[in-house]
Amino acid sequence: MSRPTAGRSSATRGYGATAAAVGAEQSARSTPGAVAVALRPAVRLTDLSVGFGATTVLQDVTVELPPNSVNALIGPTGCGKSTVLRTINRMNDQVRGYWRRGSVRVGDDDVEAAGVDPLALRRRVGMVFQRPNPFPMSIKDNVVAGVRAHRLAPRRDLAGIAEHHLRQVGLWSAVAGRLDDSPFRLSGGQQQLLCLARALAVGPEVLLLDEPTSSLDPISTEMVEDLLLQLSGDLTMVMVTHNLAQARRVSTTTTFFYNGRLVESGATAQVFDSPTEPETVSYVSGRIG
Ligand SMILES: Nc1ncnc2c1ncn2[C@@H]1O[C@H](COP(=O)(O)OP(=O)(O)OP(=O)(O)O)[C@@H](O)[C@H]1O
Ligand SMILES: [Mg+2]
């Protein structure tokens, strides 16, 4: 699935220099002495327009997001950020009046190609929401809910898988003694980490995060941010956030939307420190939003 693509000649918005940097670093890590090549993007939106009935919500969005990175989507409320996420994992399919033009690719695959099963797609492309949404089952069963549903492991392995992912998100010591308890007695931050453990347990290639810390206190927010940074070595994340300081802290690339259009996309430091578009300048400096 994730073979490097050599010889990319032109840079696309949001990818270009960032991808070259990420790709070079990964190539160097995986194959010592190898010539650095840019990896192919993990997520590609091409001329994507989306709407509901007569309303156009996203217009002609083209962007490539590099693999193994945190990609922040920022912009004022209603500009279409959540719609982008919901289009990537096809959560809009059942919404009345939904239409789409252009394409969305995860790796090499068009997510709406004939024969793509949305449930199988959502195993490759996980999602974490603004408010933690544990299932009404034990803590342990929450972690392995997707593993069970997709029959990814035999029953005897489930306890070990639950432990592994609870350790991965830093929750193990807090819950080891109460794995059979309800998740609803956990703190909000712990519930969100549990939802991350559940999303990670099915081995996604891409994780979509829609304002994952906006309902959390600062300590829990820091726990989640630390985890995202840790995961970015192996996983592509696309994270909507209204918290510009958070985008700066954790993201590799930042893409700014305004009124359903992609205004600017690139390496996070560039978008924040030397934006090229006047709307981006206003937004990152807090003059609009
Ligand atoms: N099912 C729908 N039918 C009609 N309009 C919709 C639908 N879903 C979203 N929209 C509209 O699409 C626009 C973009 O919504 P979206 O939720 O993507 O914005 P957002 O950038 O995530 O905003 P926020 O920051 O407030 O979460 C909004 O004007 C919203 O009202
Ligand atoms: Mg939203």
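The values are calculated or read from the model by the stated rules, or taken from the named source; none is laboratory data. These numbers come from a predicted model, not from an experiment. Reconstructed Cβ throughout: ideal geometry from the backbone, glycine too, with neighbour counts over all protein chains shown.
The rows are residues; the columns are (1) of a type in the set (A, V, I, L, M, F, W, C); (2) out of contact with any strand residue (DSSP E or B) (no Cβ under 7 Å at 6 or more places or on another chain).
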| site | (1), (2) |
| --- | --- |
| ARG198 | no, yes |
| SER220 | no, yes |
| VAL250 | yes, no |
| THR254 | no, no |
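A count restricted to segment 89-148 and to residues that are touching a residue at least 24 places away in the same chain (Cβ under 8 Å), away from ligand 2 (no atom under 16 Å from the Cβ) and polar (S, T, N, Q) stands at 3. Restricting attention to segment 231-264, report how many residues are surrounded by 21 or more Cβ atoms within 10 Å (Cβ to Cβ), in contact with an Asp or Glu (Cβ under 9 Å, 6 or more places away or on another chain) and of a type in the set (S, T, N, Q). Of the residues in that region, 5 qualify. For segment 221-250, which positions are in contact (Cβ under 8 Å) with a residue 12 or more places away in the chain, of a type in the set (Gly, Ala, Ser) and within 25 Å of GLY286 (Cα to Cα)? Answer for segment 221-250, where residues must be in contact (Cβ under 8 Å) with a residue 12 or more places away in the chain, of a type in the set (Gly, Ala, Ser) and within 25 Å of GLY286 (Cα to Cα): just ALA247.
Residue-by-condition table, conditions (1) over 20 Å from GLY126 (Cβ atoms); (2) within 16 Å of ligand 2 (Cβ to nearest atom); (3) within 14 Å of the chain's Cα centre (by Cα):
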| residue | (1), (2), (3) |
| --- | --- |
| ARG167 | no, no, no |
| GLY177 | yes, no, no |
| ASP181 | yes, no, no |
| MET223 | no, no, no |
| THR236 | no, no, yes |
| MET239 | no, yes, yes |
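Output yes when any residue across segment 131-148 is touching an Asp or Glu at 6+ places or on another chain (Cβ under 7 Å), at pLDDT 95 or above and among the β-branched types (Val, Ile, Thr), and no when none is. Within segment 131-148, one or more residues are touching an Asp or Glu at 6+ places or on another chain (Cβ under 7 Å), at pLDDT 95 or above and among the β-branched types (Val, Ile, Thr). Exactly one of these conditions fails for ASN68: (1) in contact (Cβ under 8 Å) with a residue 60 or more places away in the chain; (2) in contact with a Phe, Trp or Tyr (Cβ under 9 Å, 6 or more places away or on another chain). Give me its number. Looking at each condition in turn, ASN68 falls short on (2). Screening GLU211, GLU205 for residues that are within 27 Å of LEU119 (Cβ to Cβ), of a type in the set (D, E, K, R) and within 16 Å of ligand 2 (Cβ to nearest atom) leaves exactly one candidate, GLU211. PRO154 meets all of the listed conditions (1) free of Cβ contacts under 8 Å to residues at least 24 places away in the same chain; (2) within 16 Å of ligand 2 (Cβ to nearest atom) but one, namely (2). Within segment 72-130, if we keep just the residues that are of a type in the set (A, V, I, L, M) and within 11 Å of ligand 1 (Cβ to nearest atom), the residue that is surrounded by the fewest Cβ atoms within 10 Å (Cβ to Cβ) turns out to be VAL95.
Mind checking whether some residue in segment 251-267 is part of a helix (DSSP H, G or I), touching a residue at least 40 places away in the same chain (Cβ under 8 Å) and either β-branched (Val, Ile, Thr) or touching a helix residue (DSSP H, G or I) at 6+ places or on another chain (Cβ under 9 Å) (or both)? The answer is no, given that none of the residues of segment 251-267 is part of a helix (DSSP H, G or I), touching a residue at least 40 places away in the same chain (Cβ under 8 Å) and either β-branched (Val, Ile, Thr) or touching a helix residue (DSSP H, G or I) at 6+ places or on another chain (Cβ under 9 Å) (or both). Scanning segment 31-51 for residues that are in contact with a helix residue (DSSP H, G or I) (Cβ under 8 Å, 6 or more places away or on another chain) and in a strand (DSSP E or B), we see that the one that is modelled with the lowest pLDDT is LEU39.
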